[in-house]
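The structure appears right after this line, and notes come after that.
The values are calculated or read from the model by the stated rules, or taken from the named source; none is laboratory data. These numbers come from a predicted model, not from an experiment. Don't worry about glycine lacking a Cβ; one is built from the backbone with ideal geometry, like all the others, and counts go over all protein chains shown. Ligands, DNA and RNA are stripped out before the accessible areas are found, and what is left, the full protein with its side chains, is counted by its heavy atoms. Shrake-Rupley method; radii C 1.70, N 1.55, O 1.52, S 1.80 Å.
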Amino acid sequence: MKIKTILVAIATFCGICITSCQEDNLDVLNPNDQRIFLNWRDVFESYWNGMNYSYAFWDIDPTDWDEVYREYGAQFDGLEFDVKEDSIVAAGLFEDICSNLIDHHYTLILKDEHGNPWKFFAPGDNELKSRDYYHEKYSFDDITKVIDHNHDLGRISDTVGVMLNNGFAVWSYLLDGDIAVLGLSSFKISQNKEVEDVQEVLENYYSLINETENLKGIIIDTRNNTGGSTDDMFIILRPLLSEPINFGYTRSKNGLGRLDYTPWSPLILTPFEPEDNPVERNLEGVPVVALADINSISMAEITPMAIMAMPNGFMIGERTTGGHGPLNFNINDFYTGELENKAFRMYTSTSMIKRADGMCYEGYGVVPDIEVMFNAEEFSKGNDTQLYRAAEFIHTGK
Amino acid sequence: MNATIIKLASIAAMVCTPVLAMAQWKVGIEGGVVHNTLLVSKCYDYDRHYSGATNGIIGVPVRYDFRDWFGLQAEVSYLAKNYSMYRSDIYEGNSYNYTNSYINIPIYARFSFGGSKVRGYLLAGGFLGAWLDSYVEGNQMRYFQTDGQSYSDYHFDEKVPFDSRRDNRFDAGLSGAIGVEYQFAKRFSVFVEGRYLYSLTDMQKEYMLKQPTKHNSTFAFQVGVMYTITTK
């Protein structure tokens with residue numbers, strides 16, 4: 001009896017040890033690698049899984065993703081690719097599903113049978129249009145008219161600007177004789193740093209700061225700006241720093257659970273070594289103003305965040321878009337962010353940002369220190385009321 | 001009715017008296033090393049790897065021997081169920097080393113065999129416990145690096161705050177052990193044992209559909225000393 005009991009105990013112990021060492025693998029393909037879709041239900045499953053495991057904002061997103069599966073999953077059953085009405089119904093369901101996602105970079109692109117983009121859903125755009133201060137983007141021609149008008153008024157001088165064939169525009173000028181201004185339509189300076197015209201704009205920006213006798217302030221204009229490369233911030237802001245600034249934190253996913261996150265990594269911008277800094281002037285006490293608006297997204301919001309963290313930094317304009325999660329464009333970096341397969345492409349952030357105050361403003365935007373709404377009527381006449389308010393602040397301190 | 005109760009009590013007393021006469025209370029202290037492995041669901045995170053980690057365990061066991069071959073043992077243990085997660089290939093250097101402290105209260109049936117001084121034993125039972133705290137140390141990427149892009153530029157070593165939506169701080173599972181005890185004095189004995197703890201509870205609450213699982217699988221090697229409070 002005793003021996004039997006002991007043997008049973010040994011067998012039980014060994015059984016537990018052996019069975020517990022097995023890994024439980026989920027039967028889910030990387031949506032990026034998925035090639036075969038037989039119907040819209042397959043597309044839904046792939047999309048739902050990709051979001052379930054790889055969306056960066058589940059911590060703060062209000063969408064109940066489990067409820068999406070329960071409510072919408074069955075509605076895709078029986079929807080076939082080769083029935084046009086079915087595809088339209090499926091597209092409508094996808095639009096509903098992603099309509100409240102907080103990521104304002106987010107775009108879901110459904111593809112047709114040839115793999116070409118068929119439907120685009122950008123829920124952040126719809127949210128922007130619902131804001132009472134929404135206005136359309138303006139063109140580089142409009143900016144040129146404003147500069148020309150103010151040149152005629154004597155407020156703007158020393159202008160250097162360029163618009164490249166790829167749509168990227170960058171310009172710098174002196175406002176009111178004592179404010180250096182740099183504006184850009186996207187953050188593509190570093191991509192185009194070999195272009196002579198772009199170099200001239202930057203040289204003008206630095207020389208206005210260095211050589212303007214009675215420099216009162218600097219304005220970085222990221223209104224109407226679609227974002228771009230993080231490296232551009234080194235070119236624009238590092239020369240203005242005398243000490244490192246910590247302007248926020250980022251984190252991505254470190255597991256497949258919706259709430260599996262990495263620790264927060266600080267966003268730190270460091271000054272150049274004096275011998276490498278194109279700005280030789282001591283800018284202590286010289287205000288640096290970020291000018292941003294509702295159409296400022298991504299780096300066009302992160303840059304104002306960084307400026308606001310500078311001891312002499314301020315922001316003027318409108319609450320920004322609220323799409324400032326960094327993008328790596330590769331789901332395999334952190335198993336988050338952008339993915340693409342034969343049926344759809346999901347353009348979304350790799351990481352989430354919180355500002356130095358500990359709050360995440362994704363989907364809401366960066367709130368300016370001084371709110372100044374866009375005045376379309378005056379702008380069409382060449383009067384940039386937001387720019388004027390920034391100049392007034394620099395000159396008066398209020 | 002009263003007669004029936006008296007008869008049953010008499011029978012119980014006749015059966016139990018010899019057992020209780022042999023019973024012993026023992027208390028002790030034990031400690032050693034634990035090696036924990038996270039049993040985790042994999043999906044398409046191909047180059048995200050998990051490895052076990054080693055740390056310590058201390059405990060206070062209390063034992064009640066009904067017979068020389070059978071007893072019950074309960075204890076309070078403080079142990080670390082650590083694990084590491086790391087990336088390979090171009091993401092090498094990206095790593096997260098988790099230190100998770102637990103308190104466990106195992107209860108075992110104890111079966112022993114052998115001579116009067118040296119006896120082998122087996123423990124079989126289960127445990128209840130709680131996840132006390134969590135720390136993470138490692139390296140990961142930081143945006144806006146000024147000295148080139150690296151996936152392991154930022155070093156961290158910090159407490160991980162619990163997330164009440166995700167973290168299941170209740171820990172329970174099955175456990176077993178094999179050991180040898182040496183009675184070196186009338187009231188004192190020393191022992192050495194290997195123990196295994198398998199957490200049936202997931203480290204996470206059920207907070208999402210198609211949820212990847214995370215269970216702890218823990219081996220312990222420990223030594224200890226027992227003091228006999230009551231003798232035969």
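Straight-line reach from A:K398: which lysines fall under 18 Å, measuring Cα to Cα and dropping same-chain residues less than 8 apart?
Hits, sequence-local ones excluded: A:K216.
In Å², rounded to the nearest 100, what is the total accessible surface buried by chains B and A against each other with a 1.4 Å probe?
Protein heavy atoms only, the B-A interface buries about 5100 Å².
Please give the average number of partner chain Cβ atoms lying within 10 Å of the Cβ of each residue in A:262-273, rounded to a whole number. Numbers along the way, then the final one.
Values: counts 9, 11, 4, 10, 5, 3, 6, 2, 4, 1, 1, 0.
Per-residue shielding by partner chains comes out at 5.
Convex hull over the Cα atoms of the protein assembly as shown, averaged projected area in nm²?
Numbers: hull surface 164.3 nm².
Its average projected convex-hull area is 41.1 nm².
How many Cβ atoms of partner chains, on average, are near each residue of B:204-214 if near means within 10 Å of its Cβ?
Details: counts 5, 1, 0, 5, 10, 11, 10, 7, 11, 4, 5.
Partner Cβ neighbours, averaged per residue: 6.
Helix-only mean residue ellipticity at 222 nm, chain B, DSSP H runs n ≥ 4 weighted -39,500 (n - 2.57), per residue, nearest 500. What is it?
Details: 1 runs with 21 residues, N = 232.
So the calculated ellipticity at 222 nm is -3000 deg cm²/dmol.
Would you mind calculating the relative contact order of chain B from Cα pairs under 8 angstrom and at least 6 residues apart, reporting the percent as a whole number?
Worked out over chain B, it gives 21 percent.
In whole angstrom, how far apart do the alpha carbon centroids of the stretch A:103-181 and the stretch B:103-148 sit?
57 Å
Antiparallel DSSP bridges in the stretch A:196-324: what percent, to the nearest 5?
40 percent
Report, in degrees rounded to the nearest 10, the 0 to 90 angle that the Cα long axis of helix A:40-54 makes with the longest principal axis of chain A.
Helix A:40-54 sits at roughly 70 degrees to that axis.
In degrees between 0 and 90, to the nearest 10, how far off the longest principal axis of chain A does helix A:385-396 point, with axes built from Cα atoms?
Here the helix axis deviates by roughly 70 degrees.
Round to a whole angstrom and tell me the spacing of the C-alpha centers of the stretch B:152-203 and the stretch A:205-284.
When both Cα centres are located, 47 Å separates them.
On average, how many beta carbons from a partner chain sit within 10 Å of the beta carbon of a residue in B:86-93?
Per-residue shielding by partner chains comes out at 1.
Find the accessible area per residue for chain A; the probe is 1.4 Å, ligands and nucleic acids are left out, and the unit is Å².
Here the per-residue accessible area is 42 Å².
Might you tell me the accessible area per residue for the stretch B:95-184, computed with a 1.4 Å probe and given in Å²?
Computed with neighbouring chains in place, this is 44 Å² per residue.
Shape call for the stretch A:267-343 from the C-alpha gyration tensor, a ≥ b ≥ c root eigenvalues: rounded (a/c under 1.5), prolate (a/b greater than b/c) or oblate?
Oblate, because a/c is 1.5 or more while a/b does not exceed b/c.
Expressed as a whole percentage, what fraction of the accessible surface of the stretch B:33-92 belongs to carbon and sulfur atoms when a 1.4 Å probe is rolled over the protein heavy atoms?
63 percent
With everything on Cα atoms, drop me the angle between helix B:2-22 and the longest principal axis of chain B, reported from 0 to 90° to the nearest 10.
70 degrees
Using mean Cβ contacts within 10 Å as the protection proxy, how do A:295-305, B:82-92 order, highest first?
Values: A:295-305: 26.9, B:82-92: 17.0.
Descending mean neighbour count gives A:295-305, B:82-92.
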